[in-house]
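Read through the structure below, which is laid out as C-alpha coordinates, and then see the notes.
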Amino acid sequence: MKSARRICVVGSANIDLTFRTPRFPQPGETLTGHALHQGMGGKGANQAVAAARLGADVTFIACVGNDAFGKAAIDAYAAEGIQTTFIRQAEDQPTGTAAILVDDDAENCIIVVAGANAELHAEDVKAASSMIEQSDAVLCQMETPVDAAVEAFRLARAANVLTILTPAPAEHVTDELLALCDVCVPNKTEISALTGQTVETEADTLRAAERLRERGVRRVALTMGGDGVLILDDSGSTHIPAINVDAVDTTGAGDAFTAALAVSLAVSLAEGMTLKESARRASAVAGISVTRLGTQTAFPTLKEVSEWITLKENA
(Lines give C-alpha, C1' and ligand atoms only; values in the text may rest on other atoms or scores of the structure.)
Protein backbone atom coordinates (compact mmCIF):
# COMPACT_ATOMS: atom_id res chain seq x y z
CA MET A 1 0.00 0.00 0.00
CA LYS A 2 2.46 2.64 -1.18
CA SER A 3 1.23 6.06 -0.26
CA ALA A 4 2.29 9.69 0.16
CA ARG A 5 -1.16 10.43 -1.29
CA ARG A 6 -3.06 13.50 -0.12
CA ILE A 7 -6.12 12.82 2.00
CA CYS A 8 -8.42 15.50 3.42
CA VAL A 9 -10.68 14.53 6.32
CA VAL A 10 -13.63 16.69 7.36
CA GLY A 11 -15.24 15.64 10.60
CA SER A 12 -15.38 15.08 14.33
CA ALA A 13 -12.70 15.19 17.00
CA ASN A 14 -13.40 13.73 20.44
CA ILE A 15 -11.78 12.74 23.67
CA ASP A 16 -12.60 9.07 24.28
CA LEU A 17 -13.13 7.65 27.76
CA THR A 18 -13.11 3.87 27.36
CA PHE A 19 -14.44 1.69 30.16
CA ARG A 20 -13.65 -2.05 30.16
CA THR A 21 -16.53 -3.96 31.74
CA PRO A 22 -17.47 -7.67 31.99
CA ARG A 23 -20.83 -6.91 30.36
CA PHE A 24 -23.09 -3.94 29.63
CA PRO A 25 -25.13 -2.73 32.64
CA GLN A 26 -28.89 -2.97 32.88
CA PRO A 27 -30.95 0.19 33.64
CA GLY A 28 -30.32 1.22 37.26
CA GLU A 29 -27.42 -1.21 37.68
CA THR A 30 -23.89 -0.32 38.78
CA LEU A 31 -21.02 -2.50 37.55
CA THR A 32 -17.38 -2.60 38.58
CA GLY A 33 -15.23 -2.12 35.50
CA HIS A 34 -11.83 -3.62 34.73
CA ALA A 35 -10.05 -0.49 33.51
CA LEU A 36 -10.36 3.09 32.23
CA HIS A 37 -8.48 4.44 29.23
CA GLN A 38 -8.43 8.06 28.00
CA GLY A 39 -7.59 8.59 24.35
CA MET A 40 -8.42 10.53 21.21
CA GLY A 41 -11.47 9.64 19.13
CA GLY A 42 -14.23 10.90 16.87
CA LYS A 43 -14.82 9.33 13.47
CA GLY A 44 -13.11 12.19 11.66
CA ALA A 45 -10.02 12.13 13.84
CA ASN A 46 -9.91 8.34 13.74
CA GLN A 47 -9.87 8.34 9.96
CA ALA A 48 -7.27 11.11 9.83
CA VAL A 49 -4.91 9.27 12.20
CA ALA A 50 -5.43 5.90 10.49
CA ALA A 51 -4.66 7.42 7.08
CA ALA A 52 -1.58 9.22 8.40
CA ARG A 53 -0.28 5.98 9.95
CA LEU A 54 -0.56 4.41 6.49
CA GLY A 55 1.71 7.09 5.07
CA ALA A 56 -0.81 9.53 3.61
CA ASP A 57 -0.31 13.30 3.67
CA VAL A 58 -3.38 14.20 5.75
CA THR A 59 -5.18 17.50 6.34
CA PHE A 60 -7.83 17.50 9.07
CA ILE A 61 -10.68 20.06 9.04
CA ALA A 62 -12.40 20.05 12.43
CA CYS A 63 -13.53 22.06 15.45
CA VAL A 64 -12.46 21.44 19.06
CA GLY A 65 -13.02 23.35 22.28
CA ASN A 66 -10.77 26.08 23.62
CA ASP A 67 -9.93 23.81 26.55
CA ALA A 68 -7.23 21.41 27.71
CA PHE A 69 -8.78 18.53 25.75
CA GLY A 70 -8.80 20.64 22.57
CA LYS A 71 -5.13 21.58 22.89
CA ALA A 72 -4.18 17.99 23.68
CA ALA A 73 -6.06 16.79 20.60
CA ILE A 74 -4.36 19.26 18.26
CA ASP A 75 -0.94 18.38 19.68
CA ALA A 76 -1.67 14.66 19.25
CA TYR A 77 -2.71 15.09 15.61
CA ALA A 78 0.37 17.18 14.87
CA ALA A 79 2.53 14.45 16.40
CA GLU A 80 1.02 12.03 13.86
CA GLY A 81 2.15 14.35 11.06
CA ILE A 82 -1.37 15.61 10.32
CA GLN A 83 -1.85 19.16 9.00
CA THR A 84 -3.76 20.94 11.81
CA THR A 85 -3.96 24.47 10.40
CA PHE A 86 -7.69 24.09 9.70
CA ILE A 87 -8.72 22.81 13.14
CA ARG A 88 -10.64 25.68 14.76
CA GLN A 89 -11.02 26.10 18.53
CA ALA A 90 -14.56 27.16 19.51
CA GLU A 91 -14.81 29.60 22.41
CA ASP A 92 -18.19 28.56 23.81
CA GLN A 93 -18.25 24.74 23.41
CA PRO A 94 -16.16 21.99 25.01
CA THR A 95 -14.22 19.47 22.96
CA GLY A 96 -16.47 16.57 21.92
CA THR A 97 -16.43 13.66 24.35
CA ALA A 98 -17.33 9.97 23.96
CA ALA A 99 -17.98 7.41 26.71
CA ILE A 100 -17.20 3.92 25.33
CA LEU A 101 -18.09 0.67 27.07
CA VAL A 102 -16.25 -2.45 25.89
CA ASP A 103 -17.33 -5.84 27.28
CA ASP A 104 -15.46 -9.12 27.61
CA ASP A 105 -16.72 -10.24 24.18
CA ALA A 106 -15.03 -7.19 22.60
CA GLU A 107 -18.39 -5.62 21.72
CA ASN A 108 -18.89 -1.92 22.38
CA CYS A 109 -21.56 0.72 22.93
CA ILE A 110 -20.89 4.44 22.80
CA ILE A 111 -22.42 7.71 24.05
CA VAL A 112 -21.18 10.88 22.33
CA VAL A 113 -21.60 14.53 23.35
CA ALA A 114 -20.87 16.61 20.25
CA GLY A 115 -19.62 19.79 21.92
CA ALA A 116 -17.48 21.81 19.50
CA ASN A 117 -18.13 19.31 16.70
CA ALA A 118 -21.56 20.93 16.28
CA GLU A 119 -19.79 24.19 15.39
CA LEU A 120 -18.07 22.85 12.24
CA HIS A 121 -19.83 24.43 9.24
CA ALA A 122 -19.45 25.14 5.54
CA GLU A 123 -17.43 28.31 6.25
CA ASP A 124 -14.71 26.22 7.91
CA VAL A 125 -14.58 24.00 4.85
CA LYS A 126 -14.46 26.93 2.43
CA ALA A 127 -11.46 28.30 4.34
CA ALA A 128 -9.63 25.08 3.48
CA SER A 129 -10.86 24.84 -0.12
CA SER A 130 -7.35 24.83 -1.60
CA MET A 131 -6.42 21.76 0.47
CA ILE A 132 -9.55 19.91 -0.68
CA GLU A 133 -8.95 20.75 -4.32
CA GLN A 134 -5.34 19.47 -4.09
CA SER A 135 -6.30 16.19 -2.42
CA ASP A 136 -6.65 12.74 -3.92
CA ALA A 137 -9.60 11.86 -1.66
CA VAL A 138 -11.93 13.64 0.78
CA LEU A 139 -13.50 11.75 3.69
CA CYS A 140 -16.61 12.86 5.58
CA GLN A 141 -18.81 11.41 8.32
CA MET A 142 -22.00 12.67 9.98
CA GLU A 143 -20.86 13.51 13.53
CA THR A 144 -20.59 17.15 12.40
CA PRO A 145 -23.24 19.31 10.65
CA VAL A 146 -24.21 18.07 7.20
CA ASP A 147 -23.59 21.46 5.54
CA ALA A 148 -19.84 21.01 6.16
CA ALA A 149 -19.85 17.60 4.46
CA VAL A 150 -21.93 18.84 1.52
CA GLU A 151 -19.59 21.79 0.96
CA ALA A 152 -16.54 19.51 1.13
CA PHE A 153 -18.03 17.11 -1.42
CA ARG A 154 -19.11 19.98 -3.70
CA LEU A 155 -15.58 21.35 -3.78
CA ALA A 156 -14.12 17.87 -4.26
CA ARG A 157 -16.50 16.91 -7.06
CA ALA A 158 -15.75 20.18 -8.90
CA ALA A 159 -12.03 19.39 -8.65
CA ASN A 160 -12.49 15.72 -9.66
CA VAL A 161 -11.39 14.54 -6.21
CA LEU A 162 -12.64 11.19 -4.85
CA THR A 163 -15.37 11.55 -2.19
CA ILE A 164 -15.85 8.89 0.51
CA LEU A 165 -18.67 8.95 3.08
CA THR A 166 -19.20 7.17 6.38
CA PRO A 167 -22.98 7.73 6.83
CA ALA A 168 -23.01 7.70 10.64
CA PRO A 169 -25.34 8.76 12.14
CA ALA A 170 -27.45 7.83 9.13
CA GLU A 171 -30.38 10.12 9.99
CA HIS A 172 -28.28 13.17 9.09
CA VAL A 173 -27.55 12.01 5.52
CA THR A 174 -29.27 13.96 2.72
CA ASP A 175 -29.99 13.11 -0.92
CA GLU A 176 -27.70 15.95 -1.99
CA LEU A 177 -24.80 14.45 -0.05
CA LEU A 178 -25.38 10.96 -1.49
CA ALA A 179 -25.48 12.38 -5.01
CA LEU A 180 -21.99 13.81 -4.41
CA CYS A 181 -20.64 10.54 -2.96
CA ASP A 182 -18.24 8.36 -4.97
CA VAL A 183 -17.88 5.64 -2.32
CA CYS A 184 -20.26 5.10 0.61
CA VAL A 185 -19.07 2.90 3.50
CA PRO A 186 -22.06 2.06 5.75
CA ASN A 187 -22.49 -0.77 8.21
CA LYS A 188 -25.64 -2.92 8.26
CA THR A 189 -27.51 -0.66 10.68
CA GLU A 190 -26.72 2.46 8.67
CA ILE A 191 -27.61 1.03 5.27
CA SER A 192 -30.90 -0.26 6.64
CA ALA A 193 -31.73 3.22 7.93
CA LEU A 194 -30.76 4.80 4.59
CA THR A 195 -32.70 2.39 2.38
CA GLY A 196 -35.52 1.01 4.53
CA GLN A 197 -34.26 -2.47 3.64
CA THR A 198 -33.83 -4.99 6.45
CA VAL A 199 -30.42 -6.66 6.35
CA GLU A 200 -30.61 -10.27 7.52
CA THR A 201 -29.78 -12.47 4.50
CA GLU A 202 -27.26 -12.25 1.66
CA ALA A 203 -30.09 -11.20 -0.66
CA ASP A 204 -31.01 -8.43 1.79
CA THR A 205 -27.50 -7.02 1.84
CA LEU A 206 -27.26 -6.93 -1.93
CA ARG A 207 -30.68 -5.30 -2.30
CA ALA A 208 -29.80 -2.70 0.32
CA ALA A 209 -26.58 -1.85 -1.53
CA GLU A 210 -28.51 -1.61 -4.81
CA ARG A 211 -31.04 0.74 -3.23
CA LEU A 212 -28.24 2.93 -1.89
CA ARG A 213 -26.83 3.22 -5.40
CA GLU A 214 -30.30 4.15 -6.61
CA ARG A 215 -30.10 7.15 -4.25
CA GLY A 216 -27.06 8.45 -6.15
CA VAL A 217 -24.02 6.75 -4.61
CA ARG A 218 -21.57 5.50 -7.23
CA ARG A 219 -20.00 2.63 -5.26
CA VAL A 220 -20.84 0.87 -2.00
CA ALA A 221 -18.59 -0.92 0.50
CA LEU A 222 -20.97 -2.41 3.07
CA THR A 223 -19.08 -3.46 6.21
CA MET A 224 -20.57 -6.39 8.12
CA GLY A 225 -18.15 -7.04 10.98
CA GLY A 226 -17.32 -10.73 11.20
CA ASP A 227 -19.27 -11.37 7.99
CA GLY A 228 -16.83 -9.32 5.92
CA VAL A 229 -17.55 -6.64 3.31
CA LEU A 230 -19.95 -6.48 0.36
CA ILE A 231 -18.68 -4.44 -2.59
CA LEU A 232 -21.06 -3.13 -5.25
CA ASP A 233 -20.10 -1.01 -8.26
CA ASP A 234 -20.66 -0.95 -12.02
CA SER A 235 -18.82 -4.26 -12.41
CA GLY A 236 -21.20 -6.07 -10.04
CA SER A 237 -21.08 -7.31 -6.45
CA THR A 238 -18.35 -9.12 -4.52
CA HIS A 239 -18.31 -10.52 -1.00
CA ILE A 240 -14.95 -10.21 0.78
CA PRO A 241 -14.68 -12.49 3.85
CA ALA A 242 -13.49 -11.01 7.13
CA ILE A 243 -9.91 -11.55 8.21
CA ASN A 244 -9.74 -14.30 10.85
CA VAL A 245 -8.23 -12.75 14.00
CA ASP A 246 -8.67 -12.92 17.77
CA ALA A 247 -10.55 -9.66 18.40
CA VAL A 248 -10.14 -7.88 21.73
CA ASP A 249 -11.66 -4.46 20.92
CA THR A 250 -13.71 -3.59 17.80
CA THR A 251 -13.87 0.15 18.57
CA GLY A 252 -12.74 2.17 15.54
CA ALA A 253 -12.46 -0.81 13.19
CA GLY A 254 -14.87 0.78 10.71
CA ASP A 255 -12.85 3.99 10.68
CA ALA A 256 -9.63 2.03 10.16
CA PHE A 257 -11.25 0.26 7.21
CA THR A 258 -12.54 3.48 5.64
CA ALA A 259 -9.23 5.32 6.01
CA ALA A 260 -7.31 2.39 4.55
CA LEU A 261 -9.81 2.13 1.70
CA ALA A 262 -9.31 5.84 0.95
CA VAL A 263 -5.52 5.57 0.95
CA SER A 264 -5.60 2.46 -1.23
CA LEU A 265 -8.08 3.99 -3.69
CA ALA A 266 -6.00 7.16 -3.88
CA VAL A 267 -2.98 5.05 -4.79
CA SER A 268 -5.11 3.10 -7.27
CA LEU A 269 -5.69 6.27 -9.28
CA ALA A 270 -2.14 5.79 -10.49
CA GLU A 271 -1.80 2.00 -10.20
CA GLY A 272 -5.20 0.81 -11.44
CA MET A 273 -6.26 -1.02 -8.26
CA THR A 274 -9.95 -1.91 -8.14
CA LEU A 275 -12.40 -1.21 -5.33
CA LYS A 276 -12.37 -4.95 -4.57
CA GLU A 277 -8.58 -5.04 -4.18
CA SER A 278 -8.59 -1.88 -2.10
CA ALA A 279 -11.26 -3.33 0.19
CA ARG A 280 -9.19 -6.48 0.74
CA ARG A 281 -6.24 -4.38 1.88
CA ALA A 282 -8.50 -2.23 4.03
CA SER A 283 -9.89 -5.38 5.67
CA ALA A 284 -6.38 -6.32 6.71
CA VAL A 285 -5.89 -2.93 8.38
CA ALA A 286 -9.20 -3.25 10.23
CA GLY A 287 -8.30 -6.83 11.20
CA ILE A 288 -5.05 -5.71 12.81
CA SER A 289 -6.80 -2.88 14.69
CA VAL A 290 -9.30 -5.16 16.47
CA THR A 291 -6.49 -7.26 17.95
CA ARG A 292 -5.43 -4.27 20.06
CA LEU A 293 -7.06 -2.26 22.83
CA GLY A 294 -8.09 1.34 22.22
CA THR A 295 -9.08 3.28 19.15
CA GLN A 296 -6.40 5.45 17.55
CA THR A 297 -3.71 3.65 19.54
CA ALA A 298 -4.76 0.42 17.80
CA PHE A 299 -4.30 1.68 14.23
CA PRO A 300 -1.31 0.05 12.49
CA THR A 301 1.46 1.73 10.55
CA LEU A 302 2.16 1.02 6.90
CA LYS A 303 5.19 -1.05 7.92
CA GLU A 304 3.11 -3.15 10.34
CA VAL A 305 0.46 -3.80 7.68
CA SER A 306 3.06 -4.86 5.10
CA GLU A 307 4.73 -7.22 7.59
CA TRP A 308 1.37 -8.67 8.69
CA ILE A 309 0.22 -9.32 5.11
CA THR A 310 3.56 -10.98 4.27
CA LEU A 311 3.28 -13.17 7.37
CA LYS A 312 -0.27 -14.24 6.47
CA GLU A 313 0.71 -15.00 2.85
CA ASN A 314 3.63 -17.18 3.99
CA ALA A 315 1.66 -18.99 6.73
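Here is how the numbers come out for the structure above:
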read-out	value
Area of Asp204 that stays accessible when all protein chains are in place (1.4 Å probe, Å², to 10)	30 Å²
Residue-span extension gain [Thr32 to Arg207] - 0.36 nm each, minus C-alpha spacing	58.7 nm
Computed accessible area, Leu162, all protein chains, 1.4 angstrom probe, square angstrom	20 Å²
Long pairs among Lys126/Lys303; Lys43/Lys188; Lys126/Lys188; Lys71/Lys276; Lys43/Lys303; Lys188/Lys276, criterion Cα-Cα beyond 29 Å	Lys126/Lys303; Lys126/Lys188; Lys71/Lys276
√(5λ) per eigenvalue of the Cα gyration tensor, the stretch 258-307, largest first, Å	21, 10, 9
GluC sites (Glu not before Pro) within the stretch 143-208: DSSP coil, no more than 16 neighbouring Cβ in 10 Å	Glu200
Ordering of 110-116, 27-33 by burial proxy (mean other Cβ atoms within 10 Å per residue, highest first)	110-116, 27-33
Accessible area expressed per residue, the stretch 105-244, with surrounding protein chains retained (probe 1.4 Å, Å²)	43 Å²
Reciprocal of mean inverse Cα separation for the stretch 1-48 (Kirkwood radius, Å)	13.6 Å
Normalised per residue, the volume of the convex hull around the Cα set of the stretch 151-191 (Å³)	61 Å³
Spatial separation of Cα centroids for the stretch 233-311 and the stretch 60-96, in angstrom	26 Å
Fully extended contour minus Cα-Cα distance, from Glu214 to Glu123, at 0.36 nm per residue	29.7 nm
Three-way shape label, the stretch 1-123, alpha-carbon gyration tensor, a/c 1.5	oblate
Rounded to 5, the percent of DSSP beta bridges in the chain classed as antiparallel	40 percent
Dipole magnitude (debye, nearest 20) for the chain, charges at Cβ of Lys, Arg, Asp, Glu	700 debye
Kyte-Doolittle at least -0.5, axis length at least 24 Å by Cα - qualifying DSSP helices, the chain	253-271
Gain on full stretching of the segment that runs from Asn160 to Asp234 - 0.36 nm per residue minus C-alpha separation	24.8 nm
The stretch 167-315 - convex hull of alpha carbons, volume per residue in Å³	119 Å³
Percent antiparallel among DSSP beta bridges (both partners in the stretch 88-226, rounded to 5)	40 percent
Label-point separation, Asp105 to Glu91 (7 Å along Cα→Cβ), nm	4.9 nm
Neighbourhood charge, 14 Å Cβ-Cβ cut-off, centred on Val217 and excluding it, Lys, Arg +1 and Asp, Glu -1	-2
Probe 1.4 Å - accessible area at Ser135, Å² to nearest ten	10 Å²
Alpha-carbon Debye profile of the chain, log10 I(q)/I(0) at 0.14 Å⁻¹	-1.05
Carbon/sulfur fraction of accessible area - the chain, other protein chains in place, 1.4 Å, %	50 percent
Projected-area mean, the stretch 169-227, by convex hull of Cα positions, square nanometres	3.6 nm²
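The values are calculated or read from the model by the stated rules, or taken from the named source; none is laboratory data. Please read these numbers as outputs of a predicted model, since none were measured by experiment. Using ideal geometry, Cβ is built from the backbone for each residue, glycine included, and neighbour counts are taken over all protein chains shown. Areas reflect the complete protein model, heavy atoms only, side chains present, ligands, DNA and RNA absent. Shrake-Rupley method; radii C 1.70, N 1.55, O 1.52, S 1.80 Å.
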